[in-house]
Each structure stands twice: as structure tokens, then as C-alpha cells.
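Nothing in this text is a laboratory measurement; each read-out follows from the coordinates by a stated rule. Values in this document were obtained by computation on a predicted structure and should not be read as measured data. Heads up, the Cβs are rebuilt from the backbone with ideal geometry, glycines too, and the neighbour counts pull from every protein chain shown.
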């Protein structure tokens, strides 16, 4: 199999980001975003998705974390799309239910080529430490728009906001892993009746 790796850089007046991914990795990851809770969540995607990631971001954190979180989502989406290539021979669809104590979340992904985010998450508080939970939607919207995926995220149960967030990101990793896995029976074939994704 051709190595499914990519490096993408994003340079704006608000952020400078460089992301390298290996979709067939072991979950080895390195993060320097300046937003510790984002790093913790990205580690869940890497570890449970078995995606090697190296992410370095410098953003206008003196304002707030919004631009950094959103632009990391955008750049990660671009890197995943680039590494995945034409999508021939993959499962295309992935899903996961992940519990953490009282919290339970479901993530379903389709590498459809059509960006769509359906986000049904209500947090029990607005901040997790110094992290504004509104930024999770911005991260996922950026990822969806640039990876070209349809993504359904549903928190089904939960009281502890940290637990809720962690179940979402772990489920994201598992769902991506399933969808991006090579299907031996689909070898070289496009998983779509349209012939393209």
C-alpha cells in the first residue's frame, strides 16, 4: 500500500500551523498548540484512530483560542484529505459509541466528499478549565469543511463536561479509523455508485 501521509501548512495573520499525519500509524503524536485541553483531545483522535500526528500551531492566544482551535481543525481536515487521496478501496463509513463513566457519545463519519456537520452536544458547563466548549463545534466544522466528510456527533448521556468531550474525541478517532481502513474486498474500487467521492 502506498504510504498515506501528508504535511499541510496554514499561514494567516491569525495563525501559523503545520500538521503532519500518517493514517496508517500507531497513534504516536506530538502537539504544540498553546491550548492544552485541545492537545489532550487531539491525542484521543490520534491514539484511538491509530493516526500518527505532529501538530505545531502558533495563534493569537492573547485574544482567545478561537482562531487556533478552528484553524487546527481546518488544517487537520486538509491533511487527512491529502493523505487519503482518491479514497479507492476504503470502507468509507465509520462509527463508534464510546463511554467514559456516566458519559456516552456516538460519532458517525462518511467520507462522502460532501461537507456536513450534525452536532448534537449540550455541555453541562461552558468552560472546561480555561477551554471554552463552544470551540469544539468550530474545530469540527473546520475539519468537516476541509476533509470533505459528513459527520454526525451525538452526546447521548453525560454530566461531567470533561467526560463528554473525551467520549466525543475518542469516538471520532475510532470512527475515522474504521472509515479509512482499506477494505480488501473493495481493493482499487471506489466505494460509491457515482464512481467518485
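At a glance:
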{"item": "Cβ-Cβ FRET estimate between residue 9 and residue 118, R0 fixed at 35 Å, reported to 0.05", "result": "0.75"}
{"item": "Rounded to 10°, Cα long-axis angle of helix 161-180 versus longest principal axis of the chain", "result": "10 degrees"}
{"item": "Helical contribution to [θ] at 222 nm, DSSP H n ≥ 4, -39,500 (n - 2.57), averaged over the chain, rounded to 500", "result": "-11500 deg cm²/dmol"}
{"item": "The chain, relative contact order [Cα under 8 Å, separation at least 6], %", "result": "26 percent"}
{"item": "Cubic angstrom per residue, convex hull over Cα atoms of region 1-156", "result": "109 Å³"}
{"item": "Between helix 66-84 and the chain: long-axis angle, C-alpha atoms, 0 to 90°, nearest 10", "result": "10 degrees"}
